[in-house]
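The values are calculated or read from the model by the stated rules, or taken from the named source; none is laboratory data. Everything numeric here is computed off the predicted structure, so don't read it as measured data. Note that each Cβ is placed from the backbone with ideal geometry, even for glycine, and that neighbours are counted across all protein chains shown.
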Amino acid sequence: MTLHSSKYIINILLVTILLGTRAVSAEALPPCQGSGLHMVVPAAPGGTTDLVGRLIANHLTRRSGLPVIIDNKAGGGGTIGAYIVAHAKPDGCMVLMGNIGSNAINYSLNKNINYGPQDFTPVTQVFAVPNVLEVNPALPVKNVSELIRLAKEKPGMLALANSGIGQSTHMTGELFRMATGINVITVPYKGNAPAVADLLAGHVQMMFDNVAVSQPHILAGELRALAVTSSKRVSALPDVPTMAEAGLEGFNVMAWFGLFYPARTPIEHVKWLQSEVASILKQDDVKKQIAEWSGEIGGDSPEEFQRYVNKEVALWQEVVTKSGITLP
């Protein structure tokens, strides 16, 4: 064998080893096997983001044996929790249970936001759910038309709650005000749960909330549902009309929730988490739970979720620009 041929064989072997190393590194691998996965929920306990986060965390722990720690970081319409993950070490040990507010609406609504889409690696969407327009039963209205009429008769007298500036409950309320021309007081809270608590107590009169959270109160008669924001009626509330049926054509908003790693997180960790969550979402008990929340199941690939998020960012940027909505 000549020296030239020996060098040729050695080069071939090196290339083979390198390709093999790359192939192995691209495989889905669980992160943080020693310390567990830290899941930041940018909302208060009891809200939809929290419910979804805990559902995935519990099943992920049982399925993989990897401890998943929930850390609620409410406030700023989700920006506080999102900021923490955006600037975390990209080692696969911290993930965000993001949503339409923290990872789409706030990019254009909040001019002082200290993170951007480039700071995240989308993993997968978990589920999407419509909002429901609901009022305290003491309010003398039975449908959307009566609510609009009352709000116009008493401008500035009714209080419209939301789960936080920049969240879908806030933006849906702003769209409703634009579409109807009513003058109501906007009252932001640090999460769904405290907002709903004040609505139940009568401290505020109306709210757009995720169906997943308010459904039990509606079925118990503690809140009165006037319309849902989906294009079709939801099975959990079959007697509640859509906004289009209530007279507002084209009024369609879905609140979505999904997992985001910090940017530059190793692809093997992203693939592992996406695969695990997609498998969890196929379980019968999980599908049943999400159906009870009137949600649409996710589980899409990181690439598909990235494209979806890009469209949502562009959509809400257009809405914010046209409406002139600004932070208070």
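Could you list, in sequence order, the residues of the stretch 204-240 that are in contact with a Lys or Arg (Cβ under 9 Å, 6 or more places away or on another chain) and free of Cβ contacts under 8 Å to residues at least 40 places away in the same chain?
D239 - this is the single residue of the stretch 204-240 that is in contact with a Lys or Arg (Cβ under 9 Å, 6 or more places away or on another chain) and free of Cβ contacts under 8 Å to residues at least 40 places away in the same chain.
Going by the structure shown, is T186 part of a strand (DSSP E or B) and in contact with a helix residue (DSSP H, G or I) (Cβ under 8 Å, 6 or more places away or on another chain)?
yes
Residues of the stretch 299-321 being over 13 Å from V270 (Cα atoms) and among the charged types (D, E, K, R), which ones?
Selection gives E304, R307, K311, E312, E318.
Evaluate the following for G75: is it in contact with a strand residue (DSSP E or B) (Cβ under 9 Å, 6 or more places away or on another chain) and touching a residue at least 12 places away in the same chain (Cβ under 8 Å)?
No: the conditions fail for G75.
Scan the stretch 182-203 and report the pairs whose first residue is more than 20 Å from E146 (Cα to Cα) and whose second residue is of a type in the set (A, V, I, L, M, F, W, C) and assigned to a strand (DSSP E or B), with Cβ atoms within less than 7 Å and a gap of 6+ or a chain change.
V187/A159; V187/L160; V187/A161; Y189/A161; A195/A161; A195/M207; D198/A161
If we only count helices (runs of 4 or more DSSP H) wholly inside the stretch 32-111, which ones have 2 or more residues that are more than 15 Å from Q167 (Cβ to Cβ) and among the charged types (D, E, K, R)?
48-64
Answer yes or no: is there a residue in the stretch 115-126 that is part of a loop (DSSP other than H, G, I, E, B) and within 19 Å of the chain's Cα centre (by Cα).
Yes - at least one qualifying residue is present in the stretch 115-126.
Can we say I56 is surrounded by 17 or more Cβ atoms within 10 Å (Cβ to Cβ), modelled with pLDDT of 90 or more and farther than 20 Å from A195 by Cβ?
In short, yes.
When the stretch 279-290 is examined, which residues are found to be of a type outside the set (S, T, N, Q) and over 14 Å from G53 (Cα atoms)?
Scanning the stretch 279-290 gives K282, D284, D285, K287, K288.
Return the residue satisfying two criteria in turn: it lies in the stretch 210-236 and is in a loop (DSSP other than H, G, I, E, B) and of a type in the set (V, I, T), and of such residues it is surrounded by the fewest Cβ atoms within 10 Å (Cβ to Cβ).
Across the stretch 210-236, the extreme among qualifying residues is V234.
Can you confirm whether the stretch 62-81 contains a residue that is farther than 21 Å from I280 by Cβ, modelled with pLDDT of 95 or more, loosely packed, with under 15 Cβ neighbours inside 10 Å and not hydrophobic (A, V, I, L, M, F, W, C)?
no
Out of the stretch 282-303, which residues are part of a helix (DSSP H, G or I), touching a residue at least 24 places away in the same chain (Cβ under 8 Å) and not aliphatic (A, V, I, L, M)?
Q289, E292, P302
Restricting to the stretch 289-319, what's the tally of residues that are loosely packed, with under 15 Cβ neighbours inside 10 Å and closer than 18 Å to L60 by Cβ?
Counting residues in the stretch 289-319 that are loosely packed, with under 15 Cβ neighbours inside 10 Å and closer than 18 Å to L60 by Cβ gives 0.
Report yes if some residue within the stretch 252-264 is under 30 Å from A28 (Cβ atoms), more than 18 Å from the chain's Cα centre (by Cα) and in the same structural domain as G98 (by TED's automatic domain parsing); otherwise report no.
The answer is yes; a qualifying residue exists.
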